[in-house]
Amino acid sequence: MSAAGQASNVSLGTGRRKTSVARVRVRAGSGVITINKRTLEDFFPTEKEQRDVLEPLNTTGKRETVDVTILVNGGGPAGQAGACKLGIARALMKFDTELDQTLRQSGLLTRDGRMKERKKYGLRGARRGTQFSKR
């Protein structure tokens with residue numbers, strides 16, 4: 001299988017959330033979702049994270065018609081689920097351009113810009129100062 005032949009039916013999308021990055025591949029198929037070579041249920045055991053990842057597919061009605069392969073790293077489970085969600089939405093938009101309006105109205109193409117604030121010098125954290133000692 002050549003790279004040029006494979007690229008024609010595969011759509012790519014990158015999702016980021018907090019410190020997590022997800023690289024998503026969407027291709028026509030039977031609804032198989034693989035995350036870091038594991039099943040969705042195995043990688044995200046909690047119901048909330050599974051719902052987050054599946055939201056773009058359920059909103060567009062593509063749950064049973066596309067196969068999704070995801071490579072995700074960095075951050076924790078919530079951030080990784082959010083990154084997967086954005087990556088799937090972006091890949092679906094490239095896969096079928098008619099889904100753009102549906103995904104945009106559902107707020108699935110919006111990147112959540114909240115990041116951890118950096119620690120400042122002279123402080124114990126981003127904003128917490130040192131403890132005051134009277135004596």
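A compact table of results
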| read-out | value |
| --- | --- |
| Looking only at segment 93-115, and only at residues there that are surrounded by 10 or more Cβ atoms within 10 Å (Cβ to Cβ) and in contact (Cβ under 8 Å) with a residue 60 or more places away in the chain, the one that is farthest from Gly61 (Cα to Cα) | Met115 |
| Test: Thr46 is farther than 11 Å from Val68 by Cβ and either of a type in the set (Val, Ile, Thr) or modelled with pLDDT of 95 or more (or both) | yes |
| Counted residues, segment 66-103 - those being β-branched (Val, Ile, Thr) and over 11 Å from Ile35 (Cβ atoms) | 3 |
| Exclusive hit being under 22 Å from Asn9 (Cβ atoms) and in contact with a Cys (Cβ under 8 Å, 6 or more places away or on another chain), set Val32, Val24, Val68 | Val24 |
| Selected residue (criterion: surrounded by the most Cβ atoms within 10 Å (Cβ to Cβ)) from residues of segment 62-92 that are touching a Phe, Trp or Tyr at 6+ places or on another chain (Cβ under 9 Å) and closer than 17 Å to Val26 by Cα | Cys84 |
| Only listed residue being outside any helix (DSSP H, G or I) and either under 19 Å from Arg114 (Cβ atoms) or at pLDDT below 95 (or both), chosen from Val72, Val24 | Val72 |
| For Thr59: the one exception among (1) surrounded by 13 or more Cβ atoms within 10 Å (Cβ to Cβ); (2) under 17 Å from Ser20 (Cα atoms); (3) among the polar types (S, T, N, Q) | (2) |
| Those residues of segment 24-38 which are surrounded by fewer than 17 Cβ atoms within 10 Å (Cβ to Cβ) and among the basic types (Lys, Arg), in sequence order | Arg27, Lys37, Arg38 |
| Residue satisfying condition, being without any contact (Cβ under 8 Å) to a residue 12 or more places away in the chain and part of a helix (DSSP H, G or I), within set Glu55, Glu41, Glu49 | Glu41 |
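The values are calculated or read from the model by the stated rules, or taken from the named source; none is laboratory data. Just so we're clear, the structure is a prediction, and the values are computed from it rather than from any experiment. With ideal geometry, Cβ positions are generated from the backbone for all residues, glycine too; neighbour counts draw on all protein chains shown.
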